[in-house]
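Okay, so here's the structure we're looking at.
The numbers here are math on the coordinates, done by the rules we state, and not lab data. Please read these numbers as outputs of a predicted model, since none were measured by experiment. Here Cβ is always computed from backbone atoms with ideal geometry, including for glycine, and neighbour counts include all displayed protein chains.
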Amino acid sequence: MKLLNKSLERDSGGQVTMVPDEAEDMWHTYNLLQVGDSLQASTIRKVQTESATGSVGSNRVRTTLTISVENIDFDTQACLLRVKGTNIQENEYVRMGAYHTIELELNRKFTLAKKQWDSVMLDRIEQACDPARIADVAAVIMQEGLAHVCLVTSSMTVLRAKVETNIPRKRKGSCSQHDKALEKFYDSVMQAIIRHINFDVVKCVLVASPGFVRDQFSDYLFQQAVKLDIKLLLENRSKFLLVHSSSGHKYALKEVLLDPVVTGRLADTKAAGEVKALEEFYKMLQHEPDRAFYGINHVEKANEALAIETLLMCDELFRSQDIAKRSRYVRLVDSVRENGGIVRIFSSLHVSGEQLAQLSGVASILRFPVADLSDQEEDSGSDSD
Amino acid sequence: MSRHRNVRGLKYDEDLEDDDVYGHSVDDDYCISPATAAQFIYKRDDYNVRAFIEEPLEEGEEEEEPSHNNHPTLPGVDQARLHSCLDRMREVLGESVSEQVMVDAVLSSQFDTQQALDLLLSQEGKQTSKIKNKDAAPLWNPPIGKVKDQPGRVDCDIVPKVAKMTVSGKQITGFNIPSTAAENDRLRKNETLGSAGLEASSKTNSANPALDEPTALQTPIKSSSKAKQQIDVKAELEKRGGKQLLNLVVIGHVDAGKSTLMGHFLYLLGNVNKRIMHKYEQESKKAGKASFAFAWVLDETGEERERGVTMDVGMTKFETNTKVITLMDAPGHKDFIPNMITGAAQADVAILVVDASRGEFEAGFEAGGQTREHALLVRSLGVTQLAVAVNKMDQVNWHPERFKEISNKLGQFLKQAGFKESDVAYIPTAGLNGENLTTRSQVHELKAWYNGACLIEQIDSFKSLQRPVEKPFRLSVSDVFKDQGSGFCVTGKIKAGYVQSGDRVLVMPPNESCTVKGITLHDEPVDWAAAGEHVTLTVTGVDIIKINVGCIFCDQKAPIKTCTRFRARVLIFNIDLPITQGLPVLLHYQTVSEPGTIRRLVSVLHKSTGEVLKKKPKCLTKGQNALIELQTHRTVALELYKDFKELGRFMLRYAGSTIAAGVVTEIKE
């Protein structure tokens, strides 16, 4: 993302103008937007014109609109952001107060104005505009009969394709059905890779599986590539990296990102960092349960004691439409920072973020043990449903 | 096609073999050509059993029958000839054919025993085949009709087909020769009504008070329709009386020699052809892995042979003196534990193979080895009897100290894991040399200090289990594949109840119903199968895409429950990281493995008393007993532990290790 203009004060109103230049930026924008903000962007509007004679014509017009945001919709698969709202600026085609849905486009600037910018948002802008590009990684996590083809960027894990087939077992005297089904399965995974992985962007393809599936698959892949002369695969052969995982389910991506072979090759991606932080939290919980807290009430208590060393938070919490709730989280983040703690904001699209979200969304590692508070408070963040 | 022919050929061979094994097969009693026997052997079998069980009923009928029939009119000489003929026929036929039938046959063949026998047997054959084709057309010639119909009726008692039931209704009138035209009409009406269903037919009978005379006849109909269920159960128990069926899983650390041990075992039992064994030896030598020759018996895919690692459960069967064993050879490698779980979920007893050689046992037994994990897994999956094969004893010179050391170490651990000491046996073996497998070893070093059982004796002495045959039908699918002919096949173990070919069954979670066209047990077609058996069902009426490994086939009237959220009581294993809410886990239940998350930690329970120690714990650590709530991504079919012990157990795995075992206590939604 490129930042063109920024005229704002922390904790007061202001606006920024930015140009998204890759799909991930849509995700950042999604995390910045809130109901009540005003957004100005170029968009296409279908306009009906009535001529003097009464004949009605309709044509599509590109125009720049400013809307007051009412509804935000993010499509993870296509990385599309649709923002619905009412028009708040005079326009030659659109009446004031008329509804319009802006679909933000790549490489077209937009301006976002808010009544209040908080620290978390400013961080987000900074993060989005960080020029240090981290390699995009594609990961194929598979086991016999199940494969997930994902794209891992610094703040998103997008599931591109899921291949699931039934593979008959080996039976006494007949393995042919097993072998045939396996071949078919490999073929569909190969097709998924060719179709969904853009090798221009992706710097590395991780092929992870338990057992020997990955070896078998990569043999198959390159045999077929030679046989069918698929240049795309042959040219990018060096990008493939075989790693161990315990299963073919999506959450096994966590193990893959922690694998030393992968971390060595990818440097420290945000995704891997998040996984590591969460792992540390769990380790602390095992060894010193009084130094690992989760749930907003508990964490706030710990914060009052100035005990928080690392705060893990899921970005989902900041997308809350409830202003009071959101500011509560922002306050927590600010105060932890003030006290010299580290704050890590997890992307809810990553597997680790998903897990943290399930774990009430807030967790913290403390500097010193604080007595267990769970007895005093019965309902801590866990909804009864 | 060639495979098809192959299978048929095989079946024929096995039939012949069976003759040798049993020595005294049903065919011998009947003196029928093998072809006929092969065609009808199962009907005959049931028929025999049924005749045995239902004896009182049969007698009742027989008492009634002579009153309608008239052989007392015979002159004295003929009477004597008749009796001598009957005696001779009985020698051949045994008790399987009623006296009345024989009498009729003798009369129609004019006291020629040979001819009467021919008549009887050929009629029988024809009749069964006709009934098989659901030929509902009446066979209306009274004198031979009785002879013809007799086996038909017996048949219909066993096979639950409506068409056959109607035949039975008709055939009974065959005994009442003085039936009027009006009665015929009435019976026809009954017949059409009866085709609506078994119960319906008996209802129409009883609901029709005008039928005063057939009340006596109704009883056999009713009792036979009721008896249908009992017959299966009893017949099964009867059959088992000879050889009990037992599912055995072989577990242990990778490279402990599980496949080699069992491969050699099968070879010594004669289950593996010498020629094939020679071929394996040659090929494995060529591949530079001569020691893997025996493992190749069970490791059949190219991949497994090439790498020398079992990857999926290998399944085969063998027989001991008192048991028929379904053998499952589980993979030992850490990555294939999911496969091992599917195998172990279907087992009743287990053999734990440990490597006795220095360092190897320790590697398998210490943390990270599979010996512990496997033993815990099978225990949690309901296996209570265990034989420990201390393998590769030849490599430590059959040293008694080593054996004792291993059995002590393992004994302590197994006791903790919940095995009763009396249910665990230790046997020194050498898989590659084949020592102490099927015969007691003659090796000096071993004989000096060991005079216990060899492996096969131990397997033979496993206690057989009580199967929940009375419960509604449940089968967990472990494999789905296409076969020749219509429909497709599913393989799995019947967990409860029984199934007959022709049954409509329900598949959960897809919630589809389908028809069982055929049942295969150990590569032989059977008409029914009951709990504990590992069978292949041929099903039609449902798309193969909808059926996955892990589906449960169940009774339509008592379907299994489905849900995405449930509560369970779990025992936490030895884990590195604590369990919190939100932890993504892999749920292994029967043959299914489904990703899910831990939704809530409800409470920590006391290990033995089960009282609540702490509500809403922050996390669960190793060894704790807790109540948790689980959420799965997709719907799974589950049973409560209190309803179905076998079907209420599951495993939780995370990042390649088993973190907990549990039982389902409450189904949420």
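Per-structure values
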{"read-out": "Count, lysine Cα pairs under 17 Å in the range B:562-668, 8 or more residues apart or across chains", "value": "5"}
{"read-out": "Rg and Dmax [Cα atoms of the range A:179-300; Å; Rg one decimal, Dmax integer]", "value": "18.6, 61"}
{"read-out": "Local net charge near residue B:505, Cβ-Cβ under 12 Å (Lys/Arg +1, Asp/Glu -1)", "value": "+1"}
{"read-out": "Exercise: per-residue mean of other protein chain Cβ atoms within 10 Å, A:246-256", "value": "5"}
{"read-out": "Computed over chain A: relative contact order in percent, which uses C-alpha pairs under 8 Å that are six or more apart", "value": "13"}
{"read-out": "Residue-averaged beta-carbon neighbours from other chains (10 angstrom radius) around B:337-343", "value": "2"}
{"read-out": "Sequence of B:454, B:85 once ranked by neighbouring C-beta atoms within 10 Å, starting from the fewest", "value": "B:454, B:85"}
{"read-out": "Convex hull volume per residue in cubic angstrom - Cα atoms of the range A:65-220", "value": "170"}
{"read-out": "Chain A - Rg over Rh from alpha carbon coordinates, Kirkwood radius", "value": "1.04"}
{"read-out": "Projected-area mean, the range B:538-663, by convex hull of Cα positions, square nanometres", "value": "8.8"}
{"read-out": "Under the Karplus curve 6.51 cos²θ - 1.76 cosθ + 1.60, θ = phi - 60°, whole-Hz ³J(HN,Hα) for the range B:641-651, x wherever Gly or Pro sits", "value": "5, 6, 7, 10, 4, 5, 9, x, 9, 8, 10"}
{"read-out": "Relative contact order (%) - the range B:573-612, alpha-carbon pairs under 8 angstrom, separation at least six", "value": "30"}
{"read-out": "Under Karplus coefficients 6.51, -1.76 and 1.60, residue-wise ³J(HN,Hα) of the range B:612-622 in Hz, glycine/proline x", "value": "6, 8, 8, 8, 6, x, 6, 7, 10, 10, 4"}
{"read-out": "Listed residue (B:287, B:453, B:363) projecting farthest to the positive dipole end of the range B:241-461, Cβ model", "value": "B:453"}
{"read-out": "Overall form of the range B:241-461 per C-alpha gyration tensor (a/c, 1.5; a/b vs b/c)", "value": "rounded"}
{"read-out": "Residue order, fewest to most surrounding Cβ atoms within 10 angstrom, among A:25, A:215", "value": "A:215, A:25"}
{"read-out": "Segment residue A:335-residue A:199, extension gain: residue separation times 0.36 nm, minus the distance between their alpha carbons", "value": "44.7 nm"}
{"read-out": "The range A:1-93: C-alpha gyration tensor shape, a/c 1.5 cut-off, then a/b vs b/c", "value": "prolate"}
{"read-out": "Relative contact order for the range B:474-555, counting Cα pairs under 8 Å that sit 6 or more residues apart, in percent", "value": "39"}
{"read-out": "Beta bridge orientation in chain A: antiparallel %, DSSP, nearest 5", "value": "80"}
{"read-out": "Gaussian network model of chain A, Cα within-10 Å springs - most flexible of A:245, A:320, A:55", "value": "A:55"}
{"read-out": "Hz values of 3J(HN,Hα) by residue in the range B:512-520 - Karplus curve (6.51, -1.76, 1.60), Gly and Pro given as x", "value": "10, 10, 8, 10, 7, 8, x, 10, 10"}
{"read-out": "Most fluctuating residue given options A:169, A:344, A:367, as computed from a GNM of chain A linking Cα atoms under 10 Å", "value": "A:169"}
{"read-out": "Stokes-Einstein D in µm²/s, Kirkwood radius over Cα pairs - the range B:474-555 at 37 °C with 0.692 mPa s viscosity", "value": "272"}
{"read-out": "Neighbour-count ranking [beta-carbon atoms within 10 angstrom, fewest first] of B:319, B:366", "value": "B:366, B:319"}
{"read-out": "Exposure rule at most 12 other beta-carbon atoms within 10 Å, DSSP loop GluC sites (Glu not before Pro): chain A longest free segment", "value": "A:93-377"}
{"read-out": "Residue-averaged beta-carbon neighbours from other chains (10 angstrom radius) around A:279-286", "value": "4"}
{"read-out": "Antiparallel %, DSSP beta bridges [both residues in the range B:338-435], to 5", "value": "10"}
{"read-out": "In the range B:326-408, trypsin sites (Lys or Arg not before Pro) in a DSSP loop with at most 16 other beta-carbon atoms within 10 Å", "value": "B:358"}
{"read-out": "Loop sites in the range B:625-669: trypsin sites (Lys or Arg not before Pro), DSSP, at most 12 other Cβ within 10 Å", "value": "B:642, B:668"}
